[in-house]
Amino acid sequence: MSVLASDIFTTVRAVLDDDSSGRYSEANDLTPFLNLAVNYLIMVFNATFEQKKLSPESLRELLSTSIISVTGTGTTRKVDVTALMPTLWTICGVDPDPVVTGTPNVLSETRNRWATRMTLEAWNDASEDPFSASTLQSISTDFIRPGYIGPAKYFSDTLYHILIRPSSMFVADKVAIWYLKNPSLVTSGSSSVEFPRSIFNLLVDKTLYFLSMQHSPDSKYLTVTDKDITQLINLISS
């Protein structure tokens, strides 16, 4: 369940403004510093993802799915993800040729193995490796594993694409992309902070820290520490 920004503001005011002087403005103080706290926690989450201590799927509030048509001929298919880029945090999974229903398309079920995320070097080497995802070698369909690279602008393209192969995985020329979207910007107390309720106190602590930087010339901008990572893991896992 998401956190209401006004709940964080109330707690922050209770700590900093116990005499209810009203000197902390929602628009000029609380909202911008809460957004700084959210951005900082995004960095901490990224560190936990890189260290494989948490998975992106733990942030259910931000998990989305998009059904996109694929284009291209030959061995590789292209997926235009330009429309996703403004809000895309990280890709969680790429499902080639899912079963979809309705208009607009809604995911009904998966049909194939999900594509493996690959580096450019692995993608290049895999074309001749029959045991690798995205191989271009002729093997039994039971052993074919799709792979993808991206998103990026490939071949002097002006749009962001994901490349997926082999193209033999596709029947309906659709792909389901599971991804984390970036948390929406907090604009007022009525905004939702799209993080789990379990990290409420951490959001309060970091908002307080950034607010305190106004008053202390010796304050230093936060860097991600092992302590932050451990605290976040414990809260998300609790």
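The values are calculated or read from the model by the stated rules, or taken from the named source; none is laboratory data. From a predicted model like this one, the values you see are computed outputs, not experimental measurements. With ideal geometry, Cβ positions are generated from the backbone for all residues, glycine too; neighbour counts draw on all protein chains shown.
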* Asked: Which members of region 154-186 meet the condition of being closer than 21 Å to Leu59 by Cα and touching a residue at least 60 places away in the same chain (Cβ under 8 Å)?
  -> Ala176, Ile177, Trp178, Tyr179, Leu180, Lys181, Asn182, Pro183, Leu185, Val186
* **Residue among Ala27, Ala14, Ala47, Ala37 that is small (Gly, Ala, Ser) and crowded, with 20+ Cβ neighbours inside 10 Å** => Ala37
* Any hit, region 5-12, residues being of a type outside the set (Val, Ile, Thr) and either farther than 17 Å from Ser192 by Cα or assigned to a strand (DSSP E or B) (or both) -> no
* To do: Please find, among Val38, Val15, the residue that is more than 30 Å from Gly102 (Cα to Cα), aliphatic (A, V, I, L, M) and at pLDDT below 95.
  => Val15
* Determine whether region 39-54 contains at least one residue that is assigned to a helix (DSSP H, G or I), more than 30 Å from Tyr154 (Cα to Cα) and small (Gly, Ala, Ser). => no
* Structure fact -> Screening Thr82, Thr110 for residues that are surrounded by fewer than 16 Cβ atoms within 10 Å (Cβ to Cβ), over 30 Å from Leu185 (Cα atoms) and either touching a residue at least 60 places away in the same chain (Cβ under 8 Å) or touching a His at 6+ places or on another chain (Cβ under 7 Å) (or both) leaves only Thr110
* For Asp95, are the conditions met, namely being outside any loop (DSSP other than H, G, I, E, B), charged (D, E, K, R) and surrounded by 12 or more Cβ atoms within 10 Å (Cβ to Cβ)? -> yes
* **Of all residues making up region 184-194, the number that are touching a strand residue (DSSP E or B) at 6+ places or on another chain (Cβ under 7 Å) and surrounded by fewer than 22 Cβ atoms within 10 Å (Cβ to Cβ)** => 1
